[in-house]
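Have a look at the structure below before the remarks.
No lab work stands behind these numbers, since they all come straight from the coordinates. This structure is a prediction, so every number in the text was calculated from the model and none was measured. Note that we place each Cβ from the backbone using ideal geometry, even for glycine, and neighbour counts take in every protein chain shown.
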Amino acid sequence: MKRKINVNGDALEVDVPDDKPLLWVLREDLHLTGAKYGCGIAQCGACTVLLDGSAVRSCVMPVSAVGEQQVTTIEGADGPAAAAVTSAWRDLDVVQCGYCQTGQMMSATALLETNPSPSDQEIDSAMRGNLCRCNTYYRIRAAIHRAADEMEG
Amino acid sequence: MFENGRFSAKFPRPTLDRRGFLQVIGLSGAGFLIGCSRSGETVTAGGDPDGAAIAEFGPFIRIGSDNAVTVVIKHLDKGQGVTTGLPTIVAEELDAAWTQMRAEFAPADVSLYNNLSWGPIQGTGGSSSVANSWMQLREAAAAARSMLVTAASEKWQVASDEITVSSGVVGHRASGNSATFGDLAARAAGVAPPATLTLKKPQDFSLIGTRLPRLDSPAKTDGSAEFTIDISRPGMVVALVAHPPRFGATVRSFDASQSLEVAGVSDVVEIPRGVAVVADSFWSAKKGRDALTVDWDFSKAENRSSEEIFAHYKELAQGDGLVAHESGDAAASLASAQATVRREFRFPFLAHAAMEPMDCVVEIGDQKCDIWTGSQFQTNDQYVAAEILGIQPEQVEIHTHFAGGSFGRRAVPDSDYVAEAVTIAKAIGGRAPVKLIWTREDDMRAGRYRPMSHHVLEGGVDDSGEVSAWRHKVTMQSFMAGTAFEAMIQNGIDGSSVEGARNLPYAIENMRVELQPAENGVPTLWWRSVGHSHNAFATEAFFDEMAHLAGKDPYEYRRDLLAEHPRYLQVLDLVAKKAGWGDSLGENRGRGIAIHKSYGTIVAEVVDVTLTGNSFTVDKVYCAVDCGIAINPDVVRAQMEGGIGFGLSAALREQVTLENGEVQQTNFNTYRSLRIDEMPDIEVHIVPSNREPSGVGEPGVPPLAPALANALFDASGRRVYRLPIGDQLWS
């Protein structure tokens, strides 16, 4: 059915089944392919986007559950935390294959929005849901600390 | 991979013969093209804008009028960083500025883009990308540089030996002339290639060995990097396949009526690999497949459990194997030893579980086919697709895209997922472009695992207290048999099964290494570090036990028996020094060491653990690596960090098991790989070297698991003989 969905600041209309996961609406209907499919059961975090600023796994969220909430994908990520995350990710060359990294960055952004100076343990607990088979975790942790430092100025 | 077989042909040394050199770097063909046409896929941000005139300097280097230098990458970048490493080699010999470098994946063409380490095939694997491209790209870049200098000399009417090139600027001090590469490219592409080349000396390198930002970081951090799963074609449909639930099962019949009622589902077709459901989107295809009923014929399937297969291996291991290495007389030495130890090791099937599941986009045209995918074997896939469609390989165009990991999975002798996509596109009459997507469950259960293996190791210490006997028998299946890579099996021995075991560097007088080939119906494949992934564990964990039996310190005893190998010693000493080997660690802690050479690169790792009740934490990993010249030291460090995490993940919990022939793991909730909270602190140290570069994608993996097991022994007094470690030390 036709519905409105707020993505990256735009109110967009899509015509999709109610049960279609937000991930596939973003990817197939809105051509925003930054969020990735990795598991389909909220186990890997490659599909992470922000819903009113909180990190959610878009692969298990039916589009009908989004309602009026604001969806932010990597393509529309902005603000101090997102900018700090992007520049830290680039400064430290965190990426390897890169497939999971947009999800990692969205989780990191959501973390820094609520906790601008997380400890290692807080990073681990916020990022535990994001898998990386290249195992770039060591740099992810370092990049989050770096982004936190940059935000602190 | 490909270390010991026919495919390990040495790559050509720098040749001074002009014709030979021009052939190697591809400058001997029809000359140079200038224009805007391009066949490859730009992979880095800031590619040549439309309309910039492009001058080609052979098949690897293009310089645009906008001053962009594009390096055509013949390999797949699946994270290991070749889209940064290979441009670094070019930039160095070209004296380019790093900011002007771009990367683009090459089209599939074995005549131009052969892997010189193990071709004839355009392929990526065996940590060979930098090693086999090293001289090829240096020569291509040096030739292009020389042509730019000649063009400037002609343009400015000055002597070419008075011209300098630095950071992308060609200059002539006396006349005050200067020009960018972009200014000179069109003219330079028209001059005759040089008759001789002078390559830089390592001490003159200004980019190689420095930290340069990865060229793929910008696109991979803003969502614009295109993976296969992101490809969209006009009118494209999405296909999911119902694969047999057991390997070797076939379709007896199927009922598509419910599937076809799902909105968006257009076709349900039987293909040799199962039943494909084709729809307008992933979600429709998935619902359509969920609604499909298939009656499978299991009469020719592998119906055993992995426990049953392993029990069979254990039985097989009692017989004589094929001799892969023999020096001295291990049997006699064991018989006369003062003390002996015999241990059996066991390693599971492992999934690659790359974050991007297997996927492929296929568009069939009139006497042609376009394929978009991230493949490690482009020209192999090209041949397989051509055969399915009854066209010529050169009519199949492969568009290589970034792969979201691979770890060997996208190097498939029978091109499984590519063949599947082509078959489906053909089955719907080429009506629409097809995107095949495997769900995570499909990917996890589709096989091509790292083979399971059983190892028996026996060692003896003689009356002088030295290890004098070593006997190792590996029992496992080969994944080369029956494929285009069968030639890698020599005298019945698949070299990849015994790599790292049959060439043990330790000075042990009597050694015998055997392979007992086994067979089963589970399809297997190379998995990051291949045979080294299990042989390094068996040999380095057992060596540790032998050192203990001989009453020696495990680091010192490795030193003693590696005395004839200065490269090994340097790596071993570096890691021991950085870790502070011999320092006291404190209560409930332990430390282990391991060293292993794979693909020409030597890596040693020290692992520190802490016991925590009924479990343990891995606190820190120290790593030393000798990979020859480190082209991009930060990429080398990244590969070691990633390799350590990959090795740790497998060591802790990863395994694929079968019950009644059915794979028990389905997704990341049951195939539990490492998460950030278990990632240890890591320190990587690179041995300075002027040797030609060797690979770094795989060699960080093998030493991790044995170093961890040795650390657990140090902490707990218990040894690990079976992976994954799981909770076996406490159960």
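Couple of notes before you dig in:
- Backbone amide hydrogens, once placed in the peptide plane, bring B:Asp494 within less than 5 Å of nothing, excluding anything fewer than 5 places away on its chain.
- Charged-residue dipole, Cβ positions (Lys, Arg, Asp, Glu), chain A about Cα centre, Debye nearest 20: 500 debye
- Alpha-carbon Debye profile of the protein assembly as shown, log10 I(q)/I(0) at 0.08 Å⁻¹: -0.74
- Positive dipole terminus of the stretch A:80-152, leading residue within A:Met127, A:Ala81, A:Thr109 (C-beta point charges): A:Met127
- Stokes-Einstein D (µm²/s) once Rh is taken as the Kirkwood radius of chain B over alpha-carbon pairs, at 37 °C in 0.692 mPa s: 120 µm²/s
- Integer Hz, Karplus 6.51/-1.76/1.60 couplings in order for the stretch B:312-325, x for Gly and Pro: 5, 4, 4, 5, 4, 5, 6, x, 6, x, 7, 7, 9, 7
- Computed E for B:Ser336/B:Glu387 - FRET, C-beta separation, R0 41 angstrom, nearest 0.05: 0.10
- Exposure proxy shown here: for A:Glu75, B:Glu420, B:Glu556, B:Glu356, the number of other Cβ atoms within 10 Å sets the order, fewest to most, as B:Glu556, A:Glu75, B:Glu420, B:Glu356.
- Each Cα pair under 8 Å and six or more residues apart adds its sequence gap; the mean of these over the residue count of chain A is a relative contact order of 24 percent.
- Residues with amide H under 5 Å from that of B:Ala96, placed H, sequence gap 5 or more: B:Gly168
- Amide H contacts under 5 Å for B:Gly447: none, restricted to partners 5 or more places along the chain or on a different chain, H placed in the peptide plane at 1.01 Å from N.
- In nm, spacing of pseudo-spin labels at B:Ala484 and A:Ser64 (7 Å Cα→C-beta vector): 4.9 nm
- A viscosity of 1.567 mPa s and a temperature of 4 °C, combined with the Kirkwood radius over C-alpha pairs in the Stokes-Einstein formula, give the stretch A:2-75 a diffusion coefficient of 109 µm²/s.
- For the stretch B:424-464, trypsin sites (Lys or Arg not before Pro) are listed when DSSP marks them as loop and at most 16 other Cβ atoms sit within 10 Å of their Cβ; the list is B:Arg431.
- Once both labels are positioned 7 Å from their Cα atoms along Cα-to-Cβ, the gap between B:Glu326 and B:Glu308 label points is 3.6 nm.
- ³J(HN,Hα) computed for each position of the stretch B:412-419 - Karplus, 6.51 cos²θ - 1.76 cosθ + 1.60, integer Hz, glycine/proline x: 10, x, 9, 6, 3, 6, 5, 4
- The magnitude of the dipole of chain B, with charges of +1 and -1 set on the Cβ of Lys/Arg and Asp/Glu and taken from the Cα centre, is near 660 debye.
- Placing a label point 7 Å from the Cα of B:Lys201 along the Cα-to-Cβ direction, the residues of the stretch B:685-700 whose backbone N falls under 17 Å of that point are B:689-692.
- Estimated FRET transfer efficiency (B:Ser224, A:Ala11; beta-carbon r; R0 22 Å; 0.05): 0.40
- Listed by chain and number, the lysines placed with their C-alpha closer than 19 angstrom to that of B:Lys300 amount to none; residues fewer than eight positions away on the same chain are left out.
- Mean projection of the Cα convex hull over all viewing directions, computed for the stretch B:612-706: 8.2 nm².
- Antiparallel bridges, percent of DSSP beta bridges restricted to the protein assembly as shown (to nearest 5): 75 percent
- Those aspartates and glutamates that a straight Cα-Cα span of less than 18 Å connects to B:Lys578, excepting residues fewer than 8 apart in one chain: B:Asp553, B:Glu556, B:Glu605, B:Asp608, B:Asp619, B:Asp626, B:Glu641, B:Asp681, B:Glu683
- Phi-based couplings in Hz for the stretch A:86-99 (Karplus 6.51, -1.76, 1.60; Gly and Pro marked x): 4, 6, 5, 4, 6, 4, 9, 6, 5, 5, 10, 5, x, 4
- Remark: C-alpha extents of the stretch A:80-152 on the principal axes read 30, 23, 16 Å, sorted largest to smallest.
- Which listed pairs, of B:Lys74/B:Lys368; B:Lys314/B:Lys552; B:Lys314/B:Lys620; A:Lys36/B:Lys620; B:Lys473/B:Lys552, have C-alpha distances above 28 Å, in listed order: B:Lys314/B:Lys552; B:Lys314/B:Lys620; A:Lys36/B:Lys620
- Förster-model FRET efficiency, 41 Å R0, B:Ser111 and B:Arg567, C-beta, rounded to 0.05: 0.70
- Local charge for B:Glu363 was computed over the other residues whose Cβ lies under 14 Å away, with Lys and Arg +1 and Asp and Glu -1, and equals +2.
- Here the relative contact order of chain B, from alpha carbon pairs under 8 Å that lie six or more residues apart, stands at 14 percent.
- Label separation (B:Asp290 vs B:Ala174): 7.9 nm, computed from points 7 Å beyond Cα along the C-beta direction.
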